[in-house]
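Each remark here refers to the structure printed beneath this line.
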Amino acid sequence: MQRRQFIGLAGSAAVAWPFAAAAQQGVRLRRIGVFLFAKSDQMVISPFIKGLESLGYVHGKNVSIEYRDADGKSERFSEVAEELVRLHPEVIYSFGGDVASDIKKATSTIPIVVLVSNDPVESGLVTSLGRPGGNITGLTQVHDTLAGKSVELLKDVVPSVSRVAILWNPAHADPEFRETQRASRTLGVQLQSLEVRQASDFDGAFQAAEREKAEALIVIGSRLIAVNRQRIEQFATKNQIILLGVPSWLMPMGALMTYGPDLSDLHRRAATYVDKILKGAKPADLPMQQPVTFELIINTSVAKRIGITVPPTVIARSDKIIE
């Protein structure tokens, strides 16, 4: 037997085992497919799995969860989405706005629950938040006030700041750049737009920020920007610039603070939608949800390193302090 054939048979046996065990116990094993950008996202969505467990779904006991990821390669989205659909899960959970469009193309019949960081209406994923239509529903991280809040918090911590750069991807459909502009005008902040549409744009964007002597850098989250997070860290460290934004993954990059949705809460809420669908609900009848729980995270050691004292009034509003 060839090695590839053996691996294929072994993989099939591993997938089939929970079904056989459940059949012996007379339990109906429900099937959930999970579509991810990269394997590392399995850790990110752990609150989703815990949410399922709290609702009584235990892998190998009464549910089988089939993971498929694109290994961090966008060119594989379509292929992997079609592979997952061929497994015929009862419902698919998709994490990420970029992968959501491909799973939508792969099936118009299997119910899909998504968690996306972009605007699902503006991106064309659903018809409206209230009535998504079709076979897709879920949650979005987008909230109009988020990006504007970053500017407000920055001015609360460093009132003298007047030159702020914003790193964003125009191809990522969300209102955050627009809302940041609005807040900046209100607060008298000069906002410098740093647009990045591909990896090669980052160096030019950072050079432009240096030329304009930006005092702070607000980061708008997207897959492109998240994948290049190490470059953001290097730029911020080199220039001792104040780094802040919405995505919490900025904190290990040396951000002073972030203010954004509680991602764990969104994953847990997604689990309740999967539960509703497994019990007979239709995605078209479940409105897309927006975040309701937000986190202000502040790193006081970063503040000390760049010579900033965070006012006690801002500290008191924080949900988490990193020292």
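Can you find, within the stretch 306-317, the residue that is least open to solvent (accessible area, probe 1.4 Å) among those that are in contact (Cβ under 8 Å) with a residue 60 or more places away in the chain and more than 15 Å from LEU250 (Cβ to Cβ)?
VAL314
In the stretch 200-246, how many residues are modelled with pLDDT of 95 or more, more than 22 Å from VAL302 (Cα to Cα) and open to solvent by less than 80 Å² (accessible area, probe 1.4 Å)?
Matching residues across the stretch 200-246 total 5.
Name the pairs whose Cβ atoms lie under 9 Å apart, with the first residue in the stretch 54-79 and within 19 Å of GLY97 (Cβ to Cβ), the second open to solvent by 70 Å² or more (accessible area, probe 1.4 Å) and in a helix (DSSP H, G or I), and 6 or more positions between them or separate chains?
Here the result reads ALA70/GLU79; GLY72/VAL227; SER78/LYS105, each pair linking the stretch 54-79 to a residue that is open to solvent by 70 Å² or more (accessible area, probe 1.4 Å) and in a helix (DSSP H, G or I).
With LYS304, LYS320, LYS276, LYS282 as the choices, which residue is more than 23 Å from GLY51 (Cβ to Cβ) and not hydrophobic (A, V, I, L, M, F, W, C)?
Step by step, each of LYS304, LYS320, LYS276, LYS282 is checked, and only LYS304 is more than 23 Å from GLY51 (Cβ to Cβ) and not hydrophobic (A, V, I, L, M, F, W, C).
Output yes when any residue across the stretch 86-96 is modelled with pLDDT under 95 and either closer than 29 Å to TRP249 by Cα or assigned to a strand (DSSP E or B) (or both), and no when none is.
Scanning the stretch 86-96 turns up at least one residue that is modelled with pLDDT under 95 and either closer than 29 Å to TRP249 by Cα or assigned to a strand (DSSP E or B) (or both).
Is it the case, given these coordinates, that LEU115 is in contact (Cβ under 8 Å) with a residue 60 or more places away in the chain, hydrophobic (A, V, I, L, M, F, W, C), closer than 22 Å to PHE202 by Cα and not in a loop (DSSP other than H, G, I, E, B)?
no
Mind checking which residues of the stretch 153-196 are acidic (Asp, Glu), part of a helix (DSSP H, G or I) and surrounded by 17 or more Cβ atoms within 10 Å (Cβ to Cβ)?
GLU176, GLU179
Give the residue that is nearest to SER301 (Cα to Cα), with candidates limited to residues of the stretch 264-280 that are open to solvent by 50 Å² or more (accessible area, probe 1.4 Å) and part of a helix (DSSP H, G or I).
ARG268
Only one of ALA183, ALA216 is within 16 Å of LEU243 (Cβ to Cβ) and either touching a Cys at 6+ places or on another chain (Cβ under 7 Å) or hydrophobic (A, V, I, L, M, F, W, C) (or both); which?
ALA216
The values are calculated or read from the model by the stated rules, or taken from the named source; none is laboratory data. Bear in mind that the values here come from a model prediction, so they are computed numbers and not experimental data. Methodologically, a virtual Cβ is constructed for each residue, glycine included, from the backbone with ideal geometry; neighbour enumeration extends over all protein chains shown. Side chains are part of the model used for accessible areas, which takes the heavy atoms of the whole protein and leaves out ligands, DNA and RNA. Shrake-Rupley method; radii C 1.70, N 1.55, O 1.52, S 1.80 Å.
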